[in-house]
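One structure is given below, encoded as structure tokens.
The values are calculated or read from the model by the stated rules, or taken from the named source; none is laboratory data. Note that the structure is a prediction, hence the values are computed from the model and not measured. FYI the Cβ positions are ideal-geometry reconstructions off the backbone, even for glycines, and counts take in every protein chain you see. What goes into the accessible areas is simple: the full protein's heavy atoms, side chains included, and nothing from ligands, DNA or RNA. Shrake-Rupley method; radii C 1.70, N 1.55, O 1.52, S 1.80 Å.
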Amino acid sequence: MSASGGTKAIVAALAANLAIAVAKFVAFLFSGSSSMLAESVHSLADSGNQGLLLVGGKRARREATPQHPFGYGRERYIYAFLVSIVLFSVGGMFALYEGYEKIKHPHELEHWYWPVGVLVFAIIAETFSFRTAIKESNVLRGKRSWKEFVRHSKAPELPVVLLEDLGALVGLILALGGVGLAVLTGDSVWDGVGTLCIGILLILIALVLAVETKSLLLGEAAGPEETRKIETALVDGATVTRIIHMRTLHIGPEELLVAAKIAVRHEDTAREIASAIDAAESRIREAVPIARVIYLEPDIYSETEAVRGPDPEAAPGGPAPHDAGH
């Protein structure tokens, strides 16, 4: 993900949510609608979430230090995980509480035209924000489905903004439905029902974000396409004859660590092997520019060692279990 693209989507969402939060709260003051109060808190929480994403992006750009030699790229994952917690607690749980109170202690909805007008305005503003997020995401999504993009994207900001905006739009429709039914039936319990639905929606989105971001925090390997490119770039057939085993790890959304044990010919000199390793690193970086940290260990591949077992530590010259085909 380009920093400019992600930042543009975040800023668009932040501007929309701040304006919507103020409008919703004013509508709540005039109407007493619990849906509007839940939605104003939702928009305020979303604004804070966008602020967290911007802070995480800025902190991730810090230079590496002796204490953190691989840099601070994972800060973006940490702040994205914080977003899921805020969305769950401040947005979802508050909406559930407010909806429960509204159903238990209903009161008449006053000046219904305020919440309806604000909700229409909010839907227009959120649509603009959602459209911006979709446009920026399409640059990176390629041929992947939206589900695959959200699940497998290594950059957390755009999936977070996409899900937040989607949740906001659906939540606004639910709020509009709750207010509309309350006005039509004269029963303000429907306003509370709409608020409960908003809370359930926000909690579901927060759980999806938490699960996906947790996976990134634990450390994910390169995607299948990047892995194939690295494998193709590694083997030149002359000095590097095969990959014995290889591991990749994202140390940030745009930073990839590559560690591999490669097979070289037993008659090659140390100078030839060193030159081959330098050339292999150059080919990898050309094929996959985000592969910034590369460690290559030369070894002599031995079929005899390979058949002793799949454990690469027990059989240094043999393949790892899932790399046996290399």
### Query
Under the Karplus relation 6.51 cos²θ - 1.76 cosθ + 1.60, θ = phi - 60°, what is the ordered set of whole-Hz ³J(HN,Hα) values for region 230-242, x standing for Gly and Pro?
5, 4, 5, 6, 5, 8, 9, x, 9, 9, 8, 8, 6
## Note on the structure
Averaged per residue, the 1.4 Å probe accessible area of the chain, protein heavy atoms only, in Å², is roughly 49
### Message
Please compute the contact order of region 1-129 in relative form: average sequence separation of alpha-carbon pairs under 8 Å and at least six residues apart, divided by the residue count, as a percent.
### Response
35
### Task
Pull out the extension gain between residue 120 and residue 232, defined as 0.36 nm times the separation in residues minus the alpha carbon to alpha carbon distance; nm, one decimal.
35.0 nm
## Note on the structure
In a Gaussian network model of the chain with springs linking alpha carbons closer than 10 Å, the residue among 33, 153, 282 that fluctuates most is 282
### Summary
Everything considered on the Cα gyration tensor (a ≥ b ≥ c; rounded for a/c under 1.5, else prolate if a/b is larger than b/c, else oblate), region 179-278 must be described as prolate
### Message
Quick check: from the Cα gyration tensor, does region 102-174 come out rounded (a/c under 1.5), prolate or oblate?
### Response
prolate
### Query
In degrees from 0 to 90, rounded to the nearest 10, what is the angle of the helix 34-60 Cα long axis to the longest principal axis of the chain?
30
### Query
With every protein chain present, what accessible area does residue 89 have (1.4 Å probe, heavy atoms only), rounded to the nearest 10 Å²?
50
### Message
Taking the 0 to 90 degree range and rounding to the nearest ten, how far is the long axis of helix 113-141 tilted relative to the main principal axis of the chain, both from C-alpha atoms?
### Response
10
### Helix 3-31 vs. the chain, principal-axis angle (Cα, 0 to 90°, nearest 10)
20
#### Entry: Summed side-chain charge close to residue 47 - residues other than residue 47 whose Cβ falls under 14 Å, Lys, Arg +1, Asp, Glu -1
-4
### Message
Could you tell me the relative contact order of the chain? Use alpha-carbon pairs under 8 Å, at least six residues apart, and round to a whole percent.
### Response
18
### Message
Below 21 Å, Cα to Cα, which lysines can residue 102 reach? Residues fewer than 8 away in the same chain don't count.
### Response
24
### Hull volume in cubic angstrom per residue (convex hull over the Cα atoms of region 83-214)
97
## Note on the structure
Sorted by chain and number, the residues with a modelled amide H under 5 Å from that of residue 301, at a separation of 5 or more or across chains, are 264
### Message
Can you give the local net charge around residue 205? Use residues other than it whose beta-carbon is closer than 13 angstrom to its beta-carbon, Lys and Arg +1, Asp and Glu -1.
### Response
-4
### Task
For residue 214, go through the lysines and keep the ones whose alpha-carbon is under 18 Å away, minus same-chain ones fewer than eight residues off.
147, 154
#### Entry: Around residue 125: net Lys/Arg minus Asp/Glu count, Cβ-Cβ under 14 Å
-3
### Message
Among 44, 204, 96, which one shows the highest mean-square fluctuation when the chain is modelled as a Gaussian network with alpha-carbon springs under 10 Å?
### Response
204
## Note on the structure
Listed by chain and number, the residues whose amide H is under 5 Å from that of residue 294, excluding neighbours fewer than 5 places away on the same chain and using placed H, are 258
### Summary
In whole angstrom, the spacing between the Cα centers of region 159-179 and region 247-278 equals 48
### Full-stretch length increase - residue 221, residue 200 - with 0.36 nm per residue and alpha-carbon distance subtracted
4.3 nm
### Message
Can you compute the modelled spin-label distance between residue 297 and residue 242, with each label point 7 Å from Cα toward Cβ, in nm?
### Response
1.8
### Task
With a point put 7 Å past each Cα toward its Cβ, work out how far residue 207 is from residue 128 in nm, to one decimal.
3.5
#### Entry: Cα-based shape type of region 145-184, given that a ≥ b ≥ c are square roots of the gyration tensor eigenvalues and the cut on a/c is 1.5
prolate
### Message
Which aspartates and glutamates, if any, have their Cα less than 18 Å from the Cα of residue 135, not counting same-chain residues under 8 positions apart?
### Response
126, 148, 157, 164, 165
